[in-house]
Structures are given as structure tokens and as C-alpha cells.
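See below for the structure under consideration.
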Amino acid sequence: MIQGSVFAKDKAGNDLVYTVVRGEPAHLLGYDVQSKALVLDKELPKADGAWDLAQSSDGTLYAPGANGSLFAHTPGTQEVRDLGIALEGETYLWSLTPGLDGEVFGATYPGCRVFRYHPKDGFSDLGKGALVEKENYVRSLAFYPKTGMLYAGVGSQAHLIEINPKTGEKRELLPEKFRGYEFVYGLEIVPGKDGNDRLFALITNGSITLVYNLKTGEFEQEIAGMDMRAIAGAASGDAVYYTAKSELRRFDPAKEESTARVLGESVGTANAFQISESGKVMFLTSGANLYSYDPATDSLEKTKLQIPGQPIPIHSLLTAPDGKIWSGGYLAGGNATFDPATGIHTFLPGLDQTEGMSVLGDQIFFGIYPKGKFYVFDTKGDWKPKEGNPRFLGQLEGQSRSFAHVSIPERKLLVFGMIPEYGKLGGAMATYDLEKDELKFFESPIAKQSIAALAYAGDYVLGGTTISGGLGKAPETKEAVLFGWDPESGEKLFETVPVPGASALTGFIQGPDGNIWGMGDGTLFIFDPREKKVLSTTKLYDFPPFKSHIWRSAFLVLHPDGNIYGTDWEKLFRLNPETKEVTQLAKDAALLVMGKDGTLYFKRGTELWSYRP
């Protein structure tokens with residue numbers, strides 16, 4: 001998966017295109033535009049990706065690094081330099097944009113800040129704090145050289161802020177009717193005739209691009225479906241090039257976008273554009289295709305760049321009916337299987353990021369991010385996503401992720417718990433009826449909380465919540481709740497607090513005594529599902545203080561040897577059910593499933609590990 005991309009020139013004037021391939025670590029790649037040869041392949045230490053690249057006016061290429069750091073590279077060389085942390089406390093850098101005289105600006109998370117970097121001056125906090133109070137993301141940036149103004153897109157409640165970099169003065173531009181949207185996710189500036197240059201601003205959870213005239217100060221258009229990873233405007237001011245619905249299109253920005261002409265079909269989504277002095281248009285797509293469009297001949301040429309693949313982290317695990325261990329990848333998506341009987345690994349592309357998996361009969365169910373999607377794979381057939389196996393079941397607007405799954409074979413029913421979209425609180429519930437082939441959704445059973453764990457309690461579903469919602473929204477409740485839920489009616493049956501003050505309840509299993517065992521911030525609780533009461537709580541280990549969010553934490557397995565095994569807070573441990581004594585077995589461990597022979601499987605970053613008790 002390639003992310004941030006940009007066309008650049010080296011000191012000799014050669015045209016290059018740069019991109020970042022996601023992985024652990026991510027790699028900065030550079031290609032010669034003429035020969036298509038790979039001329040740079042350097043890892044970005046500790047970084048797993050980069051959403052943007054920018055070349056400053058002095059020729060330096062900048063890339064976001066790990067933990068809020070910034071990398072610099074001089075095109076034509078083989079050196080990548082780590083410049084250090086941009087702003088203390090900011091752990092992620094999103095967008096970069098060049099300013100004047102060698103400066104570059106960057107957007108940060110979680111403090112909703114903007115920094116300036118110059119080789120002589122170092123880093124500075126442009127807005128002297130959050131651009132918008134109580135928001136976490138500055139997601140996009142664009143600089144307008146004619147006025148020296150900087151534009152910033154904010155989320156997860158959308159704002160469009162104009163900033164004077166010299167004075168720090170800020171002004172909100174986003175029309176009121178869009179301020180309930182999630183993000184101003186992308187910003188691009190294109191030239192227009194007679195000084196009518198325009199700012200294009202993508203508003204998410206509507207995929208609407210607003211066109212703002214920088215000369216008149218008016219919003220002129222609302223465009224649906226425009227890809228805004230990159231667009232480009234001709235210097236003449238009468239043409240904007242962009243992609244939408246996998247088509248290359250062009251229109252005059254002074255006219256309605258509905259007048260756009262399709263220049264090429266099935267090209268994909270553009271990551272970066274360049275228009276040469278001769279008017280030839282180059283663009284790189286997210287599928288690593290480098291295109292060249294010549295307006296003079298109306299011709300389009302394509303070259304597939306060879307992207308060196310990198311390993312990505314395991315994000316979910318499952319033991320399938322045939323004993324294979326399934327995994328899902330972060331952030332690029334895709335799935336893979338490991339067969340313990342043969343030692344063979346198989347990569348299965350086609351799905352986005354898998355948050356949770358579950359089994360019912362011969363079928364595997366997937367909760368997919370983004371947009372709260374559900375798929376089912378019939379294991380009796382071949383993995384052919386383009387032919388409908390796995391098959392799309394449905395999705396719920398306003399919901400994003402489904403980590404919590406419980407399979408109820410006797411009812412031929414699956415139940416899913418969800419996390420809402422960015423900037424929202426309240427996770428929905430969903431059921432899938434195997435016989436009816438019906439996916440149904442129900443509103444959140446606990447107001448302003450999301451679903452972190454599920455278990456079947458004999459005649460109802462037992463759920464555990466997290467106080468967190470979607471990213472960019474602070475919790476408005478103080479402690480997680482245990483609740484009973486009727487999967488037929490969607491009715492909440494009861495609720496209780498098993499671990500006072502816990503931010504999330506996770507790791508539900510049926511314990512050796514037939515009760516439901518689970519964890520709340522390092523504390524074990526045992527719940528009698530028949531009497532509907534908490535029998536005991538035992539603190540097992542210290543748990544870190546709550547930071548931005550918590551969706552998953554503990555994973556527990558009852559082993560045939562009589563012990564409970566678990567992972568939580570980056571460790572693998574054994575729990576004696578009688579004495580409640582905990583023994584740490586390994587560090588750097590997360591997720592946990594048990595194979596058919598009792599072998600335990602967990603992940604360490606990109607690697608699948610096993611432990612045999």
C-alpha cells in the first residue's frame with residue numbers, strides 16, 4: 001500500500017516521483033519519471049507509513065516520521081535524515097505543504113496543531129496551541145503563496161481555518177451547514193483566470209468537495225465524488241485535472257464540474273499530479289500506476305511501478321473450522337492463513353482492514369473498517385472476492401468498526417458489537433441470521449458507549465462496553481458497563497458495573513466454573529449469568545492510565561490444561577483459576593487464539609508467534 005506521494009526534481013533538473021510504501025518499517029521510494037527505474041529505497045526508521053510528502057522551495061523533500069517526527073531527503077542523494085519531533089506531545093503528522101523560502105508546514109494529532117519547519121529556525125508552533133479547542137486532528141493543509149495565507153482542515157468535527165503564519169491570526173471559513181460533518185480531509189489550491197485562484201476542500205462523511213474562490217471569498221461549487229488525494233491546475237487557469245470513479249477528468253474551474261470531460265477510464269485514484277511546462281500531465285495512482293496524459297494528442301500512457309512489498313502488522317486473529325490460523329492486516333488490509341499441519345502461509349488480498357472475525361458452521365465472518373462493513377466467506381469455496389466469495393452483507397451509516405463478535409450455533413445466529421465513526425459516541429449492535437441470510441442493526445444499548453466484548457450467556461447475550469467512541473471524540477462517561485441484551489428484540493435486559501472506574505471491559509470467556517470471566521483495566525471479574533450478578537473481582541496487574549481511546553485490551557483463552565491464558569498490555573500470561581495467581585510468560589504479545597491442538601497463537605507486530613503450554 002503506497003501513501004504519501006509527490007513529483008519532485010533533483011538539483012540536476014531530473015523529474016522524479018516519490019512515494020511511501022506502508023510497512024514496518026515504511027520505505028521512502030523514488031523513481032525516475034523517464035526510465036521508471038527505482039532510484040531510492042530507504043527505510044523510515046520506526047515509521048509504519050506516511051500520509052503525505054512535500055518538496056520545499058529549496059528542493060528538500062519532507063516526510064512524516066514516527067511518533068511525530070519529520071524526515072528530510074535531498075533528491076538525487078541516498079540520504080534520509082531524521083529531524084526529530086516536530087512538537088512535543090504530537091504523536092502523528094498528517095499533511096505537509098511547502099511555504100516560502102524553504103519553509104514547510106505540517107499538521108498534527110492529537111493536539112490539533114500546525115507547525116512550521118525551516119532548516120535555519122527549526123520547529124515552531126504556528127497556532128500556539130490547538131487550532132480548534134477540543135478537536136484532535138489537523139488533517140489537511142494548503143499554502144497560498146500570493147497572500148502568504150495557510151489553510152487547515154480540521155476534524156473530527158469539520159472546520160476550515162485560514163491562518164496568517166506571520167501573526168498567528170485565525171479565521172473560520174467553513175459554511176455553517178458543513179460544521180456537523182467529520183473532517184475537512186483534503187485541501188488543494190489551483191490557479192484560475194484573472195486571479196480567481198481556488199481552494200478545493202474535501203468534506204468527509206459526504207464526499208463533498210467545496211470550491212472556494214480565494215479572490216472573491218465565496219464558495220462557488222459543491223462537487224460530489226471527486227478524489228482529493230491530489231488534483232492539479234494548469235498554469236493557464238482554465239483546466240483542473242483530477243480523478244473520480246476511477247476516471248481521469250478535466251474541467252474549467254470557472255464552470256460547473258458537471259461540464260467535465262472524461263480523459264481516461266479505469267485509471268484508479270490519483271496520489272500525486274504534475275503538469276509540465278509543455279502541458280503534459282503526469283500522475284501516480286494508489287495502485288502504483290504512473291500515467292502520462294498528453295493534451296495535444298489526447299493520449300494516455302501507463303507504466304506499472306514495481307513497489308517493493310513490506311510486512312504490515314497483524315490486526316486480528318481467528319482459528320478457522322479447518323484448523324488454519326487466519327489473520328487480518330493493518331492498515332493496508334488483506335488477510336492471510338497459516339496451516340499448522342503444513343507450515344504453509346497463504347496471502348488472501350481483497351478485503352480492507354479486518355477488525356474482528358468469527359465462525360458459524362463453515363463460514364467465516366469479517367467486521368471490516370472503514371464504514372462498518374460486514375462480509376462472509378464460505379470456506380467450502382475458493383477465496384475470490386471479485387466473484388463474491390467473500391460476500392458483502394451490509395453496513396450501517398455512522399458506524400465504523402466491529403471488534404466484538406459472538407457466534408451462537410444453536411440459534412444459527414451471529415451477534416456483532418460496534419464502534420462508531422470518527423467524532424461520534426455510541427456503538428450499535430448487529431445480528432446475522434444464517435437461515436434468513438439477514439443482517440439487522442440495533443441502536444447502542446448503552447448511551448454514549450461502544451461495544452468492546454460479547455459472550456453468549458445461555459438465553460441472552462452479555463456485552464461489555466468501552467467509554468470510547470470514534471477517534472477525535474472524548475468520552476462523556478466515566479466507567480464501562482456490563483449489560484444483558486436480547487438478540488431477537490434488541491432490548492437491553494439489565495446493566496451493571498463490574499469494575500468501578502474501568503474504561504473498557506474485554507476478553508470475555510466462559511470460565512471453568514461455567515460463569516463469564518472478563519477483564520476491566522487489569523482487574524478480573526467473574527459474572528454469574530443466571531443470577532445476573534458479579535461474584536468477584538481480582539486485580540491481576542497494573543494498567544496504564546486512559547489516554548485517547550481504548551477499543552480492545554485483554555484476550556483470554558481457557559486451555560485444556562486447566563489454566564487460563566491471556567494477553568494484555570503487551571504481555572502473554574498464565575492465570576491459575578483457583579488461586580488467581582498470574583505468571584508472565586512473554587513480553588511483546590497481543591491478540592490470542594488457540595489452535596485445535598491447544599497451541600496458542602499471538603502476534604508481535606508483523607509476526608505470528610506460537611506458544612505450547
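The values are calculated or read from the model by the stated rules, or taken from the named source; none is laboratory data. On a predicted model such as this, the values are computed, not experimentally measured, just so you know. Methodologically, a virtual Cβ is constructed for each residue, glycine included, from the backbone with ideal geometry; neighbour enumeration extends over all protein chains shown. Areas reflect the complete protein model, heavy atoms only, side chains present, ligands, DNA and RNA absent. Shrake-Rupley method; radii C 1.70, N 1.55, O 1.52, S 1.80 Å.
Tabulated results
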{"item": "GLU495, sole failed condition from (1) open to solvent by 70 Å² or more (accessible area, probe 1.4 Å); (2) in a loop (DSSP other than H, G, I, E, B)", "result": "(2)"}
{"item": "Members of region 196-228 found to be at negative phi, in a loop (DSSP other than H, G, I, E, B) and either open to solvent by less than 60 Å² (accessible area, probe 1.4 Å) or modelled with pLDDT under 95 (or both), listed by number", "result": "ASN196, ASP197, THR204, GLY206, LEU214, MET226, ASP227, MET228"}
{"item": "Whichever residue in region 402-423 is open to solvent by 30 Å² or more (accessible area, probe 1.4 Å) and in a loop (DSSP other than H, G, I, E, B) and, among such residues, is farthest from PRO487 (Cα to Cα)", "result": "TYR422"}
{"item": "Top-ranked residue of region 6-21 - restricted to ones that are closer than 13 Å to ALA288 by Cα and open to solvent by less than 10 Å² (accessible area, probe 1.4 Å), ranked as farthest from the chain's Cα centre (by Cα)", "result": "VAL17"}
{"item": "Region 157-180: number of residues that are small (Gly, Ala, Ser) and modelled with pLDDT of 95 or more", "result": "1"}
{"item": "Extreme residue, farthest from CYS112 (Cα to Cα), among residues of region 126-145 that are in a strand (DSSP E or B) and not β-branched (Val, Ile, Thr)", "result": "TYR144"}
{"item": "Conditions (1) touching a Pro at 6+ places or on another chain (Cβ under 9 Å); (2) outside any strand (DSSP E or B); (3) under 26 Å from GLN157 (Cα atoms); (4) open to solvent by less than 50 Å² (accessible area, probe 1.4 Å); number of the one not met by GLY490", "result": "(3)"}
{"item": "Any hit, region 528-548, residues being under 15 Å from SER503 (Cα atoms) and open to solvent by less than 20 Å² (accessible area, probe 1.4 Å)", "result": "no"}
{"item": "Residue in region 464-487 that is nearest to GLU443 (Cα to Cα), counting only those that are touching a Pro at 6+ places or on another chain (Cβ under 7 Å) and in a strand (DSSP E or B)", "result": "TRP485"}
{"item": "Hits in region 256-291 - residues which are of a type in the set (Ser, Thr, Tyr) and part of a strand (DSSP E or B)", "result": "THR285, TYR291"}
{"item": "Enumerated strands (runs of 3 or more DSSP E) restricted to region 552-613, each holding at least 3 residues that are out of contact with any Lys or Arg (no Cβ under 7 Å at 6 or more places or on another chain) and open to solvent by less than 50 Å² (accessible area, probe 1.4 Å)", "result": "564-568, 571-575, 600-604"}
{"item": "Positions within region 326-375 being among the β-branched types (Val, Ile, Thr), touching a residue at least 24 places away in the same chain (Cβ under 8 Å) and over 20 Å from PRO420 (Cβ atoms), in sequence order", "result": "VAL359, ILE364"}
{"item": "Neighbours by Cβ (under 7 Å, 6+ apart or cross-chain): first from region 567-586, among the hydrophobic types (A, V, I, L, M, F, W, C); second exposed (fewer than 12 other Cβ atoms within 10 Å of the Cβ) and in a strand (DSSP E or B)", "result": "PHE573/THR583; PHE573/GLN584"}
{"item": "Residue in region 424-434 that is under 22 Å from VAL376 (Cβ atoms), under 26 Å from the mean Cα position of the chain (by Cα), polar (S, T, N, Q) and surrounded by 18 or more Cβ atoms within 10 Å (Cβ to Cβ) present", "result": "yes"}
{"item": "Unique match (being buried (at least 16 other Cβ atoms within 10 Å of the Cβ), within 30 Å of ALA234 (Cβ to Cβ) and over 23 Å from the mean Cα position of the chain (by Cα)) among LEU141, LEU160, LEU187, LEU150", "result": "LEU150"}
